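Peer 1: Input: one structure, supplied below.
The values are calculated or read from the model by the stated rules, or taken from the named source; none is laboratory data. On a predicted model such as this, the values are computed, not experimentally measured, just so you know. Virtual Cβ from ideal backbone geometry, glycine too; neighbours counted across all protein chains shown. Each accessible area value is taken on the protein alone, full model and side chains, heavy atoms only, with ligands, DNA and RNA left out. Shrake-Rupley method; radii C 1.70, N 1.55, O 1.52, S 1.80 Å.
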Amino acid sequence: MGSIETPPSAENGSATHTAMPEGDQKPSGGVGFAPPVNEVTMESEMLKKRKMTMLPLEVGTRVMCRWRDGKYHPVKVIERRKLNLGGVNDYEYYVHYTEFNRRLDEWVKLEQLDLDSVEAVVDEKVEDKVTSLKMTRHQKRKIDETHVEGHEELDAASLREHEEFTKVKNIATIELGRYEIETWYFSPFPPEYNDSLKLYFCEFCLNFMKRKEQLQRHMRKCDLKHPPGDEIYRSGTLSMFEVDGKKNKVYGQNLCYLAKLFLDHKTLYYDVDLFLFYILCECDDRGCHMVGYFSKEKHSEESYNLACILTLPPYQRKGYGKFLIAFSYELSKKEGKVGTPERPLSDLGLLSYRGYWTRVLLDILKKHKGNISIKELSDMTAIKAEDILTTLQSLELIQYRKGQHVICADPKVLDRHLKAAGRGGLEVDVSKLIWTPYKEQG
Ligand code: ACO
Ligand code: ZN
């Protein structure tokens, strides 16, 4: 499967871009049709003037913008800021590429924008519901307070509030262990951190600082060499730690601030008490280095077995995400429950889950002789029946006969799907998992 960071098609941007402004259009035929020189100059002067009157561009303007691939793509101006260069029109613009996920939003210079493509100002912030936004925990609580329960979609006002509040990335990069990482989204760090473009994290306790020297001083004092909590899994260099948000509140909150930089529609920094955090680490003689994590509610009425999942960008696409997903289902099996991830899933979350579900289910169907029901598959895998049904439906392996869903698994079709499902990810060796389900103490 190709990278979803890649723009969908080359034509998208460039085709629209080649549409020339009226003034520049060449005559379609005829010989010797050349306007007198001073006419051309006048025309380009007029164009220049027209462009100047557009500046600075308003928030909400739609225009084509040159991206890192060198091609033009449609963007919407989300914010602008004045540069201290002396000119009245010296601004930088924060833009959202309407074809791409919000993690690619960025500050751009005026030169990157094609002013000939400026569309009339539209600034209805709710109009393009960015990646089918759904409720976050915080918003859910807010809506609960106003007695609109059970409504999964955000109402326009909450959506506007979410977008308004999180529209511009506040922290551009972080340093964590040996990595410098570009961030993807806004994260609500305490106000005193909002004037820093870069933050320095202690890779073990996840405390964050504004200056490198502070981190260096901290590292001399910090005696952690792994996440707090219990090591519940070790296989080779891979370890999993279980951290109780109630016992390690500051760690839980730090982790949430960090994770939010890579998670868009999740509000995960409240109530860390109610969660367990499972931290995946690669261990060496310097310590256990965090690769990713998932969080899990201690009690979930909706049978969620995972609230948020993250693989830190330097470790992505190496199979750790599928390891974390597999791990969450192994915990569910030990609890004797079925589970499902909390919704909404992000684009990358959905891809990873689809890949995991497909592989697990097809592996069983391939080996199994005779009929098997969705309930049996669910009991074997701890995957919720609805997720099994949608996965098999999307693979067209389900037929509806006499009021019942029937799995139709032709071995050739299974092989084809398995091939397309990609790599399996890192294996969880269940024999190395030492864990008992959470029980409230006291
Ligand atoms: N482009 C295309 N496909 C991708 C991409 C990508 N950038 N990233 C993941 N995938 C798909 C692929 O099918 C991949 O399998 P493959 O490499 O065999 O083709 C599969 O997803 C998972 O790959 P992994 O290497 O196992 O997963 P990774 O370690 O990259 O972690 C995760 C996946 C956790 C979703 C990661 O992308 C991430 O942290 N994203 C940011 C946070 C996020 O969106 N989390 C999910 C939110 S939903 C929720 O929390 C309930
Ligand atoms: Zn520390």
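Peer 1: Write down, largest first, the equivalent ellipsoid semi-axes of the stretch 352-422 in whole Å, where each equals the square root of 5 times an eigenvalue of the alpha-carbon gyration tensor.
Peer 2: 17, 14, 12
Peer 1: Still on this structure: Excluding ligands and nucleic acids, what accessible area in Å² is computed for residue 119 using a 1.4 Å probe, to the nearest 10?
Peer 2: Approximately 100 Å² of residue 119 is accessible to the 1.4 Å probe.
Peer 1: Hey, another quick one. Can you report the principal axis dimensions of the stretch 177-270 using only the alpha carbons, biggest first, rounded to whole angstrom?
Peer 2: Cα spread of the stretch 177-270 along its principal axes, largest to smallest: 40, 34, 25 Å.
Peer 1: When you have a sec, figure out the Kirkwood radius of the stretch 212-321 from all distinct Cα pair distances and drop it here in Å to one decimal? Numbers along the way, then the final one.
Peer 2: Details: mean 1/r = 0.0676 Å⁻¹.
Answer for the stretch 212-321: a Kirkwood hydrodynamic radius of 14.8 Å.
Peer 1: Also: Count the net charge of all other residues whose Cβ sits under 14 Å from the Cβ of residue 219, scoring Lys and Arg as +1 and Asp and Glu as -1.
Peer 2: On the way: positive: 178, 211, 212, 217, 220, 221, 225, 286; negative: 175, 203, 213, 223.
So the surrounding residues net to +4.
Peer 1: Something else: Apply the Karplus parameterisation 6.51 cos²θ - 1.76 cosθ + 1.60, with θ equal to phi minus 60°, to every residue of the stretch 368-384 and state each ³J(HN,Hα) to the nearest whole Hz, in sequence, with x for glycine and proline.
Peer 2: 6, 9, x, 6, 9, 9, 5, 4, 5, 4, 5, 5, 6, 10, 6, 7, 4
Peer 1: Let me ask something else about it. Excluding ligands and nucleic acids, what accessible area in Å² is computed for residue 107 using a 1.4 Å probe, to the nearest 10?
Peer 2: For residue 107, solvent-accessible area is about 70 Å².
Peer 1: Here is a follow-up. Step through the table entries 322/367; 210/318; 296/367, compare each Cα-Cα distance with 26 Å, and write down the pairs that go over it.
Peer 2: Where the Cα-Cα span goes over 26 Å, the pairs concerned are 210/318; 296/367.
Peer 1: Accessible area, 1.4 Å probe, largest first: how do 174, 407 sort?
Peer 2: 407, 174
Peer 1: Using a simple spin-label model with points 7 Å from Cα along the Cα→Cβ vector, what separation in nm is obtained for residue 172 and residue 350?
Peer 2: Calculated label separation equals 3.2 nm.
Peer 1: Let me ask something else about it. Mind listing the phi-derived Karplus ³J(HN,Hα) values for the stretch 332-342, rounded to whole Hz, using 6.51, -1.76 and 1.60 with θ = phi - 60°, and x for any glycine or proline?
Peer 2: Each residue of the stretch 332-342 in turn: 4, 4, 5, 7, x, 10, 9, x, 8, x, 4 Hz.
Peer 1: Do you know the relative contact order of the stretch 55-119, to the nearest whole percent, from alpha carbon pairs under 8 angstrom that are 6+ apart?
Peer 2: Across the stretch 55-119, relative contact order equals 33 percent.
Peer 1: Let me ask something else about it. Roll a 1.4 Å probe over the protein heavy atoms and report the accessible area of residue 303 in Å², nearest 10.
Peer 2: 40
Peer 1: Give me, ordered by chain and number, the residues 5 or more places off residue 291 or on other chains with an amide H under 5 Å from its own placed amide H.
Peer 2: 280, 281, 282
Peer 1: On to the next question. Can you tell me the length gained on complete extension of the stretch residue 231 to residue 390, counting 0.36 nm per residue apart and subtracting the Cα distance?
Peer 2: Extra length from residue 231 to residue 390 when fully extended: 53.8 nm.
Peer 1: If I model the stretch 281-371 as equal point scatterers sitting on the Cα atoms and use the Debye formula, what is log10 I(q)/I(0) at q = 0.13, 0.26 Å⁻¹?
Peer 2: Those come out to -0.51, -1.37, one per q.
Peer 1: Would you list, by chain and number, the lysines whose Cα falls below 20 Å from the Cα of residue 298, excluding same-chain residues fewer than 8 positions away?
Peer 2: 140, 246, 247, 249, 266, 333, 334, 337, 384, 439
Peer 1: Students sometimes get this wrong: rank 330, 164 by accessible area, probe 1.4 Å, all chains present, largest first. Provide the component values of the computation, followed by the final result.
Peer 2: Details: 330 30, 164 80 Å².
Highest to lowest solvent-accessible surface, that is 164, 330.
Peer 1: What FRET efficiency comes out for the pair residue 193/residue 156, r = Cβ-Cβ distance, R0 = 30 Å, nearest 0.05?
Peer 2: Result of the calculation: an efficiency of 0.45.
Peer 1: How large is the charge dipole for the stretch 282-393, taken about the Cα centre, if only the Cβ atoms of Lys, Arg (+1) and Asp, Glu (-1) carry charge, to the nearest 20 debye?
Peer 2: 380
Peer 1: Compute the Rg to Rh ratio over the stretch 55-119 from the alpha carbon atoms, using the Kirkwood formula for Rh, and round to two decimal places.
Peer 2: Taking Rg over the Kirkwood Rh, I get 0.94.
Peer 1: Let me ask you something else. Give me a comma-separated list of calculated 3J(HN,Hα) values for the stretch 89-104, in order, Karplus coefficients 6.51, -1.76, 1.60 applied at θ = phi - 60°, integers in Hz, x for any Gly or Pro.
Peer 2: 9, 7, 10, 10, 10, 9, 10, 10, 6, 5, 8, 10, 5, 4, 5, 9
Peer 1: Pull out the extension gain between residue 283 and residue 179, defined as 0.36 nm times the separation in residues minus the alpha carbon to alpha carbon distance; nm, one decimal. Don't jump to the answer; show the numbers that get you there.
Peer 2: Numbers: separation 104, 0.36 × 104 = 37.44 nm, distance 1.55 nm.
35.9 nm is the gain from fully extending residue 283 to residue 179.
Peer 1: Here's another thing I want to ask about it. For every other residue with a beta carbon closer than 14 angstrom to the beta carbon of residue 377, add +1 if it is Lys or Arg and -1 if Asp or Glu, then tell me the sum.
Peer 2: On the way: positive: 333, 359, 366, 367, 375, 384; negative: 363, 376, 379, 386, 387.
Taking every Cβ under 14 Å from that of residue 377, the sum is +1.
Peer 1: For a Förster distance of 25 Å, can you work out the FRET efficiency between the beta-carbons of residue 273 and residue 430, rounded to the nearest 0.05?
Peer 2: Between residue 273 and residue 430 the formula returns 0.30.
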